[in-house]
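Take a look at the structure set out below.
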Ligand SMILES: CNc1nc2cc3c(=O)[nH]c(N)nc3c(CC[C@H]3O[C@@H](OC)[C@H](OC)[C@@H]3OC)c2[nH]1
């Protein structure tokens, strides 16, 4: 069995769990935040910096690598870990979501999705089998099923029809994966859909449990729905996912989203916010976000965050980062990205520590109070 997941603590006052996910390449302490490395790079950081951050697993994306350089190039160079010099774990998304958010002119059929590359317009086709072939060729440790993420908003009927297609595709993913993957090293996660409708979420889960997966993701959220719908849907479905398997909430979220979703039973997260916001000049701090392009920081010699221990906060000032941002210097992205990921990974470490100490309930309360005061 390639993937081991052990729950060491179940929080007495919430659905949160402290656990450990073990692949053949790294031990992943959970709850975990996974930096997004879409095209085989976590933008602006070296792999050495990711190791300095103690990141144990990063993401890459089937859609982007399928388009460029193509899975055959990476496979023939020994797979994605060797290609990008990353010996720890990699999770790859299946590409369905990107086809809908990036691809041009796509047509969905039972077979799969035909679309044009957003890079050069060439006609391409992704299906459950092609997505599995790509992720298997990349050598990804955790492979995501090829699903359809319905747009938001969508009618109950549209969401039902979509989840039924996702279920048929999930069955095809399982079959192809089991016939072609290196199951000693690679695992397949199913993705629960169903929009914000509890009855459809239960229906989607029922179908996936019948197929059986090494882990279960909650898809179809963080697509524009109101926060309360995301939290309520997560609160409904996360505790219903198998307790002995990892639970992954895709595309989430802000620091507050991470705390609230851990409390609702989620183990794994990914989000582009810490990396994308950094490149746009927004950094996260314990008292909220700072937009370094704001003139108030031009002569502010404080660190980004006085409570942060990262090398950026120990050495550089807001004024310096503000200057680099305004000047469009590459170093601005490097330093802001490193700090933002440190902020996210440090938050997850504090969450894990609170769970170990049986103090997560108090952690959530204090986090919410601080959140309110910073929003005032
Ligand atoms: C932002 N909100 C959000 N809701 C999402 C919902 C879904 C979903 O239902 N199915 C699938 N398959 N993917 C989803 C994704 C994409 C995450 C990927 O998108 C890439 O980040 C943009 C990254 O690729 C490295 C990541 O890899 C897992 C979502 N993202």
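Short to long, the 5 Å bins of the Cα pair-distance histogram for the stretch 47-128 hold 3, 14, 22, 19, 16, 13, 8, 4, 1 percent of all pairs.
Compute the orientation-averaged projected area for the chain from the convex hull of its Cα atoms and round it to one decimal in nm².
Its average projected convex-hull area is 18.3 nm².
Mean sequence separation of contacting Cα pairs (under 8 Å, at least six apart), scaled by the length of the stretch 133-173, corresponds to a relative contact order of 44 percent. Roughly how tilted is helix 198-211, in degrees to the nearest 10 and between 0 and 90, from the longest Cα axis of the chain? Tilt relative to the chain: about 60 degrees. The ranking of 282, 287 from fewest to most other beta carbons within 10 Å of each one's beta carbon is 287, 282.
Pairwise alpha-carbon distances in the stretch 69-171 exceed 19 Å for 49% of all pairs.
In whole Å, what is the distance between the alpha-carbon centres of the stretch 94-128 and the stretch 8-30? Between the Cα centres of the stretch 94-128 and the stretch 8-30 lies a distance of 35 Å. Take the Kirkwood radius over Cα pairs of the stretch 130-176, plug it into Stokes-Einstein at 25 °C and 0.890 mPa s, and you get 209 µm²/s for translational diffusion. Measuring nothing but how far apart in sequence close Cα pairs (under 8 Å, 6+ apart) lie, relative to its length, the stretch 172-253 scores a relative contact order of 30 percent.
Spacing of the modelled spin labels on residue 289 and residue 68, each 7 Å from Cα toward Cβ, amounts to 2.7 nm.
Helical content of the chain, expressed as a calculated mean residue ellipticity at 222 nm, amounts to -13000 deg cm²/dmol (DSSP H runs of 4 or more residues, -39,500 (n - 2.57) each, divided by residue number, nearest 500). Treating each Cα of the stretch 120-214 as an identical point scatterer and summing with the Debye formula, the log10 of I(q)/I(0) at q = 0.11, 0.19, 0.22, 0.24 Å⁻¹ comes to -0.34, -0.87, -1.04, -1.14. For the stretch 173-210 versus the stretch 308-376, the inter-centroid distance based on Cα atoms is 34 Å. Between the Cα long axis of helix 360-375 and the first principal axis of the chain there is an angle of about 60°, rounded to the nearest 10. Taking the three principal axes of the alpha carbon atoms in the stretch 178-233, the coordinate ranges are 40, 20, 13 Å, sorted in descending order. Structural descriptor for the stretch 119-231: relative contact order 28 percent, calculated from alpha carbon pairs under 8 angstrom and at least 6 residues apart. Counted by neighbouring Cβ atoms within 10 Å, the residues 227, 245, 123 run from fewest to most as 123, 227, 245. Of the residues 34, 144, the one with the fewest other Cβ atoms within 10 Å heads the list, and the complete ranking is 34, 144. Here, the stretch 240-376 is characterised by an Rg to Rh ratio of 1.01, where Rg is the alpha-carbon radius of gyration and Rh the Kirkwood radius.
Here r is the Cβ-Cβ distance between residue 209 and residue 298 and R0 is 41 Å; the resulting FRET efficiency, rounded to 0.05, is 0.15.
Read-outs: derived from the displayed coordinates by stated rules, not from any lab. Since the model is a prediction, treat every value here as computed from it, not as a measurement. Cβ sites come from the backbone with ideal geometry, for glycine too, and all protein chains shown count toward neighbours.
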